[in-house]
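Comments concern the structure below.
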Amino acid sequence: MNLLRKLRFRAQRTRLDAQLDAEMQQHVELLTADLIAQGRRPEEARTLALRRFGNARSLREQSRESWGFPSLESFIQDLRFGLRLLARSPGFTLTAVLTLALGIGANTAVFSSVNALLLRTLPYPEADRLVAIYLNYLPVAAYERFREGAHSLDLASFNYVGLNLSGNGAAVRLSGAVVSDNFFDVLGIHAAEGRTFAPGDNSAGRDHLAILSNAVWKSRFSADPAVVGRVVSIDGVDRQIVGIMPAAFGFPNREIDVWIPLVLKDPDLWGNWVQMFGRVRPGVTAAQSRAEMKSLMPQVAASFPWAMPKGWGSWLDVVPMQKRLVGDLRTKLLLMLGAVALVLLIACSNVANLLLARAASRRREIAVRGALGAARSRILRQLITESILLALLGALAGLALAPAGMQLVRRIVPENELPVSGISLDYRVLIFVAAIAMLTGILFGIFPALRANRIALDQALRSTARSSSSRDRRRLSSSLVIIETTLATVLAIAAGLLVRSMWQLSHESTGFNPDALVTASLTPSVAMCPPGFGQSRGQARDFTSTRCLAFYDSVLAAVRNTPGIESAAYADIVPFGELRNSVIAVDQNPQYSAQSPYQMLVFNVGPAYFRTLGISLLAGRAFTDQDDMNSPGVAIVSRVLAQRLWPGQNPVGKRIKPSWMQEWRTVVGVVDEVRAFGMAPAWAGNDQPGAVYYPARQGTVAPPTQLILIVRTAVPEQISQALPRIVGAIDSSVPVTKIRTMHDVIAEHNSAPRTITWLFSAFSVMALLLGAVGLYSLISYSVAAQTQEIGIRMALGAERGALLRNVLARGLTLGVAGVALGAAAALALVRLLRTLLYGITPFDPVTFIAVAAVLLLVSLAASYLPARRAASIDPMRALRYE
Amino acid sequence: MVRPASRHDARNEMLPGTLDMLILKTLCLGRMHGYGIAQRIQQVSHEVLQVEEGSLYPALQRLLLNGWVKAEWGTSENNRRARYYKLTAAGRKQLGAQMASFNQTIAAIFRVLETA
């Protein structure tokens, strides 16, 4: 319609209103006059005229609608009325808003991480062309073969490295990435200051460069732009800073402080291992690229100077980068989203129940409004507006709760290990919240509103009309309570399974004694402990570099002399840290030859390692100080490895060797299996491969510049404080980091599954409480509604005990129905949890039975109070009720 | 709505938009107040069509808003102030258009009835 004219009419609203009134009054008078002329009596004529004219008010409203904005106006009216109404019953409003806030807040928190990880695209130009390559690590030389052979995509590579930055204050440990010269070009990212690496920066002599992260630039160099071009000492090497990255950049993850070039230098080509990623050429799909990479595989595998295990690289896959980064988080996030959706549904049915109860007391109000000429659709609209208003208030309160929830979710999502920034409330999250608020408002509002509106006017106006419609209401409420119990059961079973699995995880023996253990990382510079790799022991320079070895030995000696220390040892890797796989050939065992080696965990450990960790020696001997470069090569195998390689035989005296080395090593001992990780990593599967231990002084391939000191002590706090001082006295340039007790290490390792368990438990407790409140209010209401009936039955001699049982049975029936439905639904759904469970099946009967019992007990408890109230009704008072 | 006076079938309503056209046609005779319009339609149709007040006033507001009629206050036959409606030029044009399309519809209905 003509909007301008409409607005003009609207401006003269008061005048037009008055005119319309006068005109309609005139009409009635003329009609009355005519009727009188036809011979009616005056009063009769007037009544007749009025009746024919109909409801003047609604007529006026309809007439006005043609020049007003009826929907907007009535919406504002409804909104105002709704607010007034909510303010008038603060108890109801508070309960409903809080219930909804819990549901919406939990959804917001989980959705914000889904948004950050699954919906947002990666912050790189044409990010859809970036691909990750599933091959784990491979030697630089092998990567170069792929890079030269692949035409469907540009490959780049990186590896993580710890680096010491000295000068400008005390030495600090930085997280570094060693990256190929095209690393930044493949990502398509430029430096904020200076430049990124250019082709040729990977050639020896030209590689003494570094690029800093924004964070380090700020914290260490006070954001001074002049730092570009300056030379700093990184790990004992002078490097020129050529660029500063933008704050938002963090690849391969957001913890990286410094990027240095990967240098292509002969002795390191097979010793330095890297990870690949790439950018497919325009128009090429990941699948085409995968086919090409796979076709290169045999040629690359054949170029290794030692034999790789059979089938190595058969799992090679090229997948979109985003998919790879999110990985198994996807399942966890979607499961959590499912859980919070259930919580929200329960919250909705609870609020719906509250509204139903309230509708009963508002019936007369609604009926009066209907009688005064309000259209049904108008009343419906008003009731829905009220519930949406309620939902929006809930959403606002939910948004206030969300940051706390997001804090918890962050513990599951290792934000810093991902190249994406932040779980935050962006516009998409806000739209999501607004949408679920509207949706929940309609969802919990529609049934009570439809019902309130359906009640016949005459019946409602007579106050005694109660029985039939209240039975109807009870049926609806009962269904809602059953739905709530069903959903709560599903959640509680999921939580129960996770709790059981967590218990299993933290109570299963680790194979060593984690009490009173302190671990710390020693990280000398590359200059002091150069990384090394060789085909014979003489060429392996890692632990065997004299300066490096001397340093470690003096540290160990100093630590052992410190009062309060029972024993101390070092190793390149400890349980619940970063683990490493290696391959061995077995003497006189054609199944595991150098050409098809056996793969398992590998640890390079110092002399007192087994004693310090409390790993029991099952056969043979432990390593001694005499197992060094000049003595024959030895190894110790774990129980599982011994069973795999020599079932039923004595492993002591057998010979194995790292598959790329020449010299055999004799097995001198067998130790108990150590469970070195929490949830099994994907590669381990269900059958553990076992572990092999080499003496640190006869090291194989080892990275280099990190050694972990393990100390058993009765006074962990004192020792933790003393360690940096002890090490500093020997060489102040070596940072001592990650000083933690073993219990803390394990706790942190299990933090993600524990947080998920915790969240699911919290969700199910919420669900359980909401369900219990729903059941309680339903039973209370029905007891109150039956006060008279109960009174009569008592007057007629009914026993109080029977009445009590009667009411309890009613509550329990609903509970049983909900629990049965919930258990059935859970049977269909729990398989989704499989990857999150440790040591139990998703169909664990103990959990199912325990959860069912708890829910039935809660149902009983929720109906007990109203049942007691029913049993204590005084018949005399009840009969006089109303 | 304009509906036939016989109330046997209350749902037997006329085609939508018909009332607007009837009002416009009635106003061709000159200015008239609301009550007069209703009376006139009733008389001319020999009491077959009764105009309900519930439809008349919303329809008049609609016509005013579209600029097809103008309203002015005057004195009625019984010396009372009354609001008179007058057809505008735009209203006359609209009437022509509506009648043309109405005639087409009627003719179409007849054709259906004759062949059926």
Towards the positive end of the charge dipole of the protein assembly as shown, with charges on Cβ (+1 Lys, Arg; -1 Asp, Glu), say which of A:P866, A:N650, A:L163 has the farthest Cα. A:P866
Under the definition of partner shielding as Cβ atoms of other protein chains within 10 Å of a residue Cβ, what is the mean value for peptide B:52-64? 6
How about B:K86: which lysines have a C-alpha closer than 16 Å to its C-alpha, ignoring those fewer than 8 places off in the same chain? B:K25, B:K70
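Need one number: % antiparallel among DSSP beta bridges in chain A, to the nearest 5. Could the numbers behind the result be given before it?
Details: 65 of 83 bridges.
Antiparallel bridges: around 80 percent, rounded to the nearest 5.
Which whole-number value in Å³ per residue fits the convex hull of the alpha carbons of chain A? Before the final figure, lay out the partial values.
Values: hull volume 211.8 nm³, N = 882.
Output value, Cα hull per residue: 240 Å³.
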If unit charges are put on Cβ atoms (+1 for Lys and Arg, -1 for Asp and Glu) and the dipole of the protein assembly as shown is taken about its Cα centre, the option from B:S76, A:A286, A:S314 lying farthest towards the positive end turns out to be B:S76
Listed highest first by mean packing, meaning other Cβ atoms within 10 Å per residue, what order do A:482-491, A:232-241 come in? A:482-491, A:232-241
What is the spin-label model distance, in nm, from B:E52 to A:A795 if the labels are put 7 Å beyond Cα along the C-beta direction? 4.9
Listing A:L579, A:L117 from the residue with the fewest other Cβ atoms within 10 Å to the one with the most, what is the order? A:L579, A:L117
Distance in nm between A:R120 and A:E365 label points, each 7 Å along Cα→Cβ, equals 4.4
Debye, to nearest 20: dipole size of chain A, +1 on Lys, Arg Cβ, -1 on Asp, Glu Cβ: 4160
What order, most packed first, do the peptides A:429-435, A:37-43 have when packing is the mean number of other Cβ atoms within 10 Å of each residue? A:429-435, A:37-43
Which value in deg cm²/dmol, rounded to the nearest 500, describes the helix-derived mean residue ellipticity at 222 nm for the protein assembly as shown, given -39,500 (n - 2.57) per DSSP H run of n ≥ 4 and division by the residue count? -17500 deg cm²/dmol
Would you tally the net charge around A:D844, using a Cβ to Cβ cut-off of less than 15 Å, leaving A:D844 out, and scoring K and R as +1, D and E as -1? +3
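With a/c under 1.5 counting as rounded, go ahead and sort the stretch B:2-115 into rounded, prolate or oblate using the C-alpha gyration tensor (a ≥ b ≥ c being the square roots of the eigenvalues; past the cut-off, prolate if a/b is larger than b/c, else oblate). Write down the numbers at each step before the final one.
Details: a/c = 2.34, a/b = 1.47, b/c = 1.60.
Oblate shape, in that a/c is at least 1.5 and b/c is the bigger or equal ratio.
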Peptide A:21-32, shielding by other chains (average Cβ, 10 Å cutoff): 5
Work out the charge dipole of chain A with +1 on the Cβ of Lys and Arg and -1 on the Cβ of Asp and Glu about the Cα centre, then indicate which of A:S233, A:G728, A:V179 is farthest towards its positive end. A:V179
For the stretch A:136-315, restrict the atom set to alpha-carbon positions and state the Rg and Dmax in Å. 17.4, 53
Counting Lys +1, Arg +1, Asp -1, Glu -1, what net charge surrounds A:L618 among other residues with beta carbon under 10 Å of its beta carbon? -1
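Using a simple charge model, +1 on the beta-carbon of Lys and Arg, -1 on the beta-carbon of Asp and Glu, nothing else, what dipole does the stretch A:136-315 show about its Cα centre, in debye to the nearest 20?
So the dipole magnitude of the stretch A:136-315 works out to roughly 360 debye.
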Quick one: which residues, 5 or more positions from A:V131 or on another chain, have an amide H under 5 Å from its amide H? H modelled 1.01 Å from N in the peptide plane, none for Pro or chain starts. A:G278, A:R279, A:V280, A:M321
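Please report the relative contact order for the stretch B:2-115, taking Cα pairs under 8 Å with a sequence separation of at least 6, and give it as a percent rounded to a whole number. Before the final figure, lay out the partial values.
On the way: 119 pairs, mean separation 30.2, N = 114.
This gives 26 percent for the stretch B:2-115.
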Take every Cα pair under 8 Å in the stretch A:733-882 that's 6+ residues apart, average their separations, divide by the length, and report that relative contact order as a whole percent. 43
Quick one: order A:H743, A:H151 by neighbouring beta-carbon count within 10 Å, fewest to most. A:H151, A:H743
What does the charge add up to near A:Q26, with Lys and Arg as +1, Asp and Glu as -1, over the other residues with Cβ less than 9 Å from its Cβ? +1
Computed about the Cα centre, the charge dipole of chain B from +1 Lys/Arg and -1 Asp/Glu charges at the Cβ has a magnitude in debye, to the nearest 20, of 440
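Averaged over A:729-741, how many beta carbons belonging to a partner chain fall within 10 Å of each residue's beta carbon? Intermediate values should be presented prior to the final figure.
Values: counts 0, 0, 0, 0, 0, 0, 0, 0, 0, 0, 0, 0, 0.
Mean number of neighbouring Cβ atoms from other chains: 0.
Relative contact order for chain A using alpha-carbon pairs under 8 Å, separation at least 6, rounded to a whole percent?
On the way: 1484 pairs, mean separation 133.8, N = 882.
Taking the mean separation of contacting Cα pairs over the length of chain A, I get 15 percent.
Restricting to DSSP loop positions (anything but H, G, I, E, B) with no more than 11 other Cβ atoms inside 10 Å of their own Cβ, which chymotrypsin sites (Phe, Trp or Tyr not before Pro) remain in the stretch A:296-375? Show your work: numbers first, answer last.
Values: sites: A:W306, A:W312, A:W315; in loops: A:W306, A:W312, A:W315.
Answer by residue number: A:W315.
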By average C-beta atoms within 10 angstrom, highest first, the peptides A:197-206, A:394-403: A:394-403, A:197-206
Just checking chain A: which Cys have no other cysteine's beta-carbon under 4.7 Å? A:C348
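Bear in mind these aren't lab numbers, they're just calculated from the coordinates by the rules spelled out. These numbers come from a predicted model, not from an experiment. So basically every Cβ, Gly included, is an ideal-geometry build from the backbone, and we count neighbours across all protein chains shown.
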